[in-house]
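Worksheet for the structure shown next.
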Amino acid sequence: MGIYLSSPKTEKFSEDGENVRVRYGLSSMQGWRAAMEDAHAAITDLDASTSFFGVYDGHGGKVVAKFCAKYLHQQVLKHEAYQQGDIGTSVQKAFFRMDEMMRGQRGWRELAALGDRLNKFSGMIEGLIWSPRNGDGNGNTDDWAFEEGPHSDFPGPTSGCTSCVAIIRENQLIVANAGDSRCVISRKSQAYNLSRDHKPDLEIERERILKAGGFIHAGRVNGSLNLARAIGDMEFKQNKFLPAEKQIVTADPDINTVDLCDDDDFIVLACDGVWDCMSSQQLVDFIHEQLKSESKLSAVCERVLDRCLAPTAGGEGCDNMTMILVQIKKPVPSGASPSDEPLASPDDEPSASSEKLPSSDDVIAETKPAECGSSS
């Protein structure tokens, strides 16, 4: 849904970056939508051994996506679990922390600072897209102390965003996702989904929604939101008798940890504006074809967005689009060479290590990658 322009805005925000471990390119485009509600973060050096990439797809407003692009990676870095090497726990806590930080006077003030318009009747805050330049703001945050003020009882924004992040440390990739943005890895030119789309009709989502007192109508939570997990959307998180992970809509991310190896070609993160138009395998195939003649990764992303853009307003190809393409720059050290065994079939149990790997009934991926160097 949404209001469409009479002609699409095809100007793109594009960026490339690299360090000794990775190189990336990204691009975002407003398209036919009346406003740009996507945001992203690309931090090649979250610390000396870690890179962070995130795509945030806003709905009902822009600032929650902007807020996450500015603060989520900072909270990952700050959490004590991160200092102990537990990236999965630190990123999960960071997702929940976004909802906490957007409440109260301080949350209201920060959201207002990121926006350029505040509707005093609905409490909706709007603003321009936030895309932090690589390396900006990845230091320690302050304590986010409680502030007194006229908005001390602010419950948080009614708008929200999806969040799909990929964290690369040495030979591990940690993917965290809440919503329907998606992370895909190309291994030997085969696409493997490392996240699932959190739609209300998934059994595990439907069960939580109904137990929390919500309902599903026309594929939407309470007839409104077509996502079952998101950051923000505080109107769906008001049950004081339930923890954050059991609310009608939750920010609780799936966490998937995968061992990287020399067979891995690249990683893609993109919002649903891209996945609505291309399947995971179609996108992987298209990228491989483009890389034969184009070495600039942001240019490849731009070609994807142009290919997905609808010729007329309405339907698929009319959403905002954001895509990040990441290549591992050097071969990943490994104690064993990659196996010649075929990758897991759709019915196999996942062999990649995972703290919260979705069940095979819920994963949208046709197949899942086997562990590097695995053998029967």
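Read-outs: derived from the displayed coordinates by stated rules, not from any lab. Note that the structure is a prediction, hence the values are computed from the model and not measured. Positions of Cβ are generated from backbone atoms using ideal geometry, with glycine treated the same way; all protein chains shown enter the neighbour counts.
The figures follow:
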read-out: Cross-link pairs LYS12/LYS78; LYS70/LYS292; LYS12/LYS246; LYS70/LYS188; LYS70/LYS211; LYS12/LYS62 - those with Cα-Cα distance over 29 Å; value: LYS12/LYS78; LYS70/LYS292; LYS12/LYS246; LYS70/LYS188; LYS70/LYS211
read-out: Cleavage-rule hits, GluC sites (Glu not before Pro), region 166-231, DSSP coil, Cβ neighbours within 10 Å at most 13; value: GLU170
read-out: DSSP-assigned coil residues among chymotrypsin sites (Phe, Trp or Tyr not before Pro) in region 214-250, each with at most 10 further Cβ atoms within 10 Å; value: PHE241
read-out: DSSP-assigned coil residues among trypsin sites (Lys or Arg not before Pro) in region 154-230, each with at most 16 further Cβ atoms within 10 Å; value: LYS188
read-out: Among SER163, TYR192, ALA178 the positive-end extreme of the charge dipole of region 162-215 (Cβ point charges); value: TYR192
read-out: Simple spin-label estimate for GLU11 and GLN327 in nanometres, 7 Å along Cα-Cβ; value: 3.0
read-out: Inter-label distance, nm, simple model (7 Å from Cα along the C-beta direction), ASP285/GLU207; value: 3.6
read-out: Rg over Rh [alpha-carbon atoms, Kirkwood Rh] for region 1-53; value: 1.16
